[in-house]
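Novice: Shown below is the structure under consideration.
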Amino acid sequence: MHRVLIEHQEGTALVLASGELDAFAAPDLAAAFSELAGTRRVVADLTRVSFMDSTALGEIVRAARARDELGAALRVVLPDGPARRIFEITAFDRALPVAESRLAALGELVS
């Protein structure tokens, strides 16, 4: 089971994902990012993700690239844990703007 919620904090949209993010969950993740298409600052918080496959990872990569092209910003909260592994295997932990905590991600976007 998975969950993808949107919250707002300090002028930043938060995409809060939890559970297993796989091909079944990817459309929910894509819908959340699509809903926030005009938002200048987005944090994708994966702290509570127990599993992530390449389909879900692809949605995050697409969202980051789309925001980058518009001059907007996205940070991925990626603490040590299950979701981090696929980022490390694919080297996206070095290619995408990753933060260790939501507080750190918010701080990077506000400054």
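Novice: Restricting attention to the stretch 28-74, and to residues there that are under 20 Å from G107 (Cβ atoms) and hydroxyl-bearing (S, T, Y), which single residue is surrounded by the most Cβ atoms within 10 Å (Cβ to Cβ)?
Specialist: T39
Novice: Ok, one more. Determine if the stretch 40-50 includes at least one residue that is over 16 Å from V15 (Cβ atoms), of a type outside the set (D, E, K, R) and at pLDDT 90 or above.
Specialist: Within the stretch 40-50, the first condition is being over 16 Å from V15 (Cβ atoms), and the residues that meet it are 50.
Checking which are of a type outside the set (D, E, K, R) leaves us with 50.
Now narrow it down to the ones that are at pLDDT 90 or above: 50.
Yes.
Novice: Another question, if that's okay. If you take the residues of the stretch 78-111 that are assigned to a helix (DSSP H, G or I), aliphatic (A, V, I, L, M) and modelled with pLDDT of 85 or more, which of them is nearest to the chain's Cα centre (by Cα)?
Specialist: Within the stretch 78-111, the subset assigned to a helix (DSSP H, G or I) is 82-90, 92-95, 102-110.
With aliphatic (A, V, I, L, M) added as a condition, the list becomes 83, 86, 89, 95, 103-106, 109-110.
With modelled with pLDDT of 85 or more added as a condition, the list becomes 86, 89, 95, 103-106, 109.
On the way: I86: 13, I89: 17, A95: 13, L103: 14, A104: 14, A105: 11, L106: 13, L109: 14 Å.
Selected residue: A105.
Novice: If a residue must be surrounded by fewer than 11 Cβ atoms within 10 Å (Cβ to Cβ), farther than 17 Å from D68 by Cα and among the charged types (D, E, K, R), how many such residues does the stretch 84-111 contain?
Specialist: Result for the stretch 84-111: 0.
Novice: Taking only pairs six or more apart or across chains, which ones have beta-carbon atoms under 8 Å, a first residue in the stretch 46-73 that is basic (K, R), and a second residue that is in a strand (DSSP E or B) and surrounded by 14 or more Cβ atoms within 10 Å (Cβ to Cβ)?
Specialist: Pairs that qualify, where the first residue is basic (K, R) and the partner is in a strand (DSSP E or B) and surrounded by 14 or more Cβ atoms within 10 Å (Cβ to Cβ), are R48/L16; R48/A17; R48/S18; R48/G19; R67/V42; R67/A73; R67/L74.
Novice: Let me ask you something else. Cβ-Cβ under 9 Å, sequence separation 6+ or interchain: first residue in the stretch 87-111 and over 11 Å from L74 (Cβ atoms), partner exposed (fewer than 11 other Cβ atoms within 10 Å of the Cβ) and small (G, A, S). Which pairs?
Specialist: none
Novice: Note down all Cβ pairs under 8 Å where the first residue falls in the stretch 24-36 and is closer than 9 Å to A56 by Cα, the second is part of a helix (DSSP H, G or I) and among the polar types (S, T, N, Q), and they're at least six residues apart or on different chains.
Specialist: So the pair list comes out as A26/T55.
Novice: How about the stretch 2-23: which of its residues are touching a residue at least 60 places away in the same chain (Cβ under 8 Å), closer than 19 Å to L109 by Cα and either of a type in the set (D, E, K, R) or assigned to a strand (DSSP E or B) (or both)? Before the answer, list the steps.
Specialist: Residues of the stretch 2-23 touching a residue at least 60 places away in the same chain (Cβ under 8 Å): 9-12, 14, 21.
Next, from what is left, pick out any that are closer than 19 Å to L109 by Cα: 9-12, 14.
Answer for the stretch 2-23, where residues must be touching a residue at least 60 places away in the same chain (Cβ under 8 Å), closer than 19 Å to L109 by Cα and either of a type in the set (D, E, K, R) or assigned to a strand (DSSP E or B) (or both): Q9, E10, T12, L14.
The values are calculated or read from the model by the stated rules, or taken from the named source; none is laboratory data. All values reported here derive from a predicted model rather than from experimental measurement. In this analysis, Cβ positions are derived from the backbone assuming ideal geometry, glycine residues included, and neighbour counts consider all displayed protein chains.
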